[in-house]
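Down below is the structure, laid out as structure tokens.
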Amino acid sequence: MSGPRVELRDVTPEDRDRLRDWRNQPDVAQWMYTDAVIGPEDHARWFAAALADPSRRYWIIELDGEPVGLANLADISPANRRCAWAYYLASPAVRGKGVGAYVEYWMIEQVFGALGFAKLWCEVLVENEAVWKLHESFGFRREALLRQHVWKNGAPRDVVGLGLLAQDWAAVREASRERLQAKGYALD
Ligand SMILES: CC(C)(COP(=O)(O)OP(=O)(O)OC[C@H]1O[C@@H](n2cnc3c(N)ncnc32)[C@H](O)[C@@H]1OP(=O)(O)O)[C@@H](O)C(=O)NCCC(=O)NCCS
């Protein structure tokens with residue numbers, strides 16, 4: 001069985017406008033901390049800072065050679081052997097087909113393999129239940145419930161903090177690989 005062909009490549013300067021279009025889509029923005037429409041100048045400032053910042057890294061998610069989403073590491077802290085991460089698939093039509101699960105696996109392997117870190121963590125709006133459950137299915141544990149942590153559309157929202165330690169990953173890695181292989185992914 002052959003599954004979706006998913007690859008991650010580094011963001012390049014040519015991706016700048018695509019990222020603003022994606023990020024301004026309501027079905028992406030609704031899951032982010034801010035959902036005010038981002039203008040071209042603010043976006044250009046953000047983009048230049050993002051690419052220059054050694055504590056962040058960004059990848060474009062490609063499905064069958066087409067750009068479909070963004071994944072990133074943030075707060076990369078070699079001293080603490082940890083980093084945070086986030087991702088989205090821009091089009092709802094691409095969601096629910098196993099692409100996100102592969103990206104999650106790929107990112108975890110980067111962090112504990114290539115980077116050699118000890119912890120990966122993330123924050124998710126509490127109402128984004130599908131996503132924090134997805135993270136838990138890869139071994140993440142809920143470490144925090146941050147009450148009224150962000151304000152969106154004039155209302156406070158709670159946030160779940162999740163963490164995955166290298167030893168947590170070691171315990172679920174094989175089962176996670178088998179789940180992805182059952183979805184048709186050929187893993188190294
Ligand atoms: C989060 C996201 C990247 C997940 O990618 P995806 O390709 O849709 O996820 P997958 O198809 O790989 O699904 C992975 C698992 O989550 C489950 N899942 C995914 N979306 C779901 C939903 N909306 N409701 C219920 N379950 C869901 C799937 O059933 C699957 O479970 P399984 O492995 O047991 O079959 C994508 O949905 C997205 O871009 N969402 C909007 C942005 C966002 O919320 N980003 C996270 C912010 S922190």
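The values are calculated or read from the model by the stated rules, or taken from the named source; none is laboratory data. Nothing here was measured: the structure is a model prediction, and the numbers come from that model. All Cβ positions, glycine included, derive from the backbone under ideal geometry; neighbour counts span all protein chains shown.
Selection over the stretch 113-141 of residues that are hydrophobic (A, V, I, L, M, F, W, C), part of a helix (DSSP H, G or I) and either surrounded by 14 or more Cβ atoms within 10 Å (Cβ to Cβ) or within 11 Å of the ligand (Cβ to nearest atom) (or both) gives a count of 4. Out of the residues in the stretch 61-94 that are near the ligand (Cβ under 10 Å from one of its atoms), among the small types (Gly, Ala, Ser) and outside any strand (DSSP E or B), which is modelled with the lowest pLDDT? Only one residue fits best here, namely Ser91. Checking each residue in the stretch 3-47 for being assigned to a helix (DSSP H, G or I), small (Gly, Ala, Ser) and free of Cβ contacts under 8 Å to residues at least 24 places away in the same chain picks out only Ala29. Of the residues making up the stretch 70-116, those that are closer than 19 Å to Trp22 by Cα and among the β-branched types (Val, Ile, Thr) are Val94, Val99, Val103. Residues in the stretch 6-45 that are surrounded by fewer than 15 Cβ atoms within 10 Å (Cβ to Cβ) and of a type in the set (D, E, K, R): Glu7, Arg9, Asp10, Glu14, Asp17, Arg18, Asp21, Asp27, Glu41, Asp42, Arg45.
Summed over the stretch 95-112, residues that are within 12 Å of the ligand (Cβ to nearest atom) and surrounded by 17 or more Cβ atoms within 10 Å (Cβ to Cβ) total 10.
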